[in-house]
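First up is the structure itself, then whatever we jot down about it.
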Amino acid sequence: MTRWLYHVLRVEDDHGDPYTPRSLAAEGFVHCSWQPDAAESARRYFAPDAHLHVLRIDPRPLGPLVVVAETPRGPMPHVHAPIPRSAILEVLEVDEVERAPDVMPPGA
């Protein structure tokens, strides 16, 4: 079973190509969430009035650069490299994430 990755960012942050957030330089990885956890990540790590986007990311082109790490919130995916724009499939509003897919359909 392959799951989509979700990454929360402020609207004003530059998506770039490849996408290289400050966390990559500071911590060595891009924080991601699974679909059921993305809205909670937005609430937990951003100000209540922040205007946020959520990137839906295809993990397949990232291969072994995606590491599922144990965190205080449970296992969370971390991407240990910049994310190519071609792997970012969709830019969502936080309230749209709950209707977004979690698991890739077989054969996708």
Inset, instruction - Residues being surrounded by 13 or more Cβ atoms within 10 Å (Cβ to Cβ) and either among the β-branched types (Val, Ile, Thr) or more than 12 Å from the chain's Cα centre (by Cα) (or both): count how many of those fall in the stretch 83-100. - result: 8
Legend entry - 2 or more residues in contact (Cβ under 8 Å) with a residue 60 or more places away in the chain and within 25 Å of Met104 (Cβ to Cβ): qualifying strands (runs of 3 or more DSSP E) within the stretch 11-82: 74-79
Legend entry - Pick from the stretch 19-33, criterion in contact with a helix residue (DSSP H, G or I) (Cβ under 9 Å, 6 or more places away or on another chain) and not aliphatic (A, V, I, L, M), ranking: surrounded by the most Cβ atoms within 10 Å (Cβ to Cβ): Cys32
Inset, instruction - Inspect all residues belonging to the stretch 56-75 and state whether any of them is within 14 Å of the chain's Cα centre (by Cα), acidic (Asp, Glu), at pLDDT 95 or above and more than 15 Å from Trp4 (Cα to Cα). - result: no
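The values are calculated or read from the model by the stated rules, or taken from the named source; none is laboratory data. All values reported here derive from a predicted model rather than from experimental measurement. All Cβ positions, glycine included, derive from the backbone under ideal geometry; neighbour counts span all protein chains shown.
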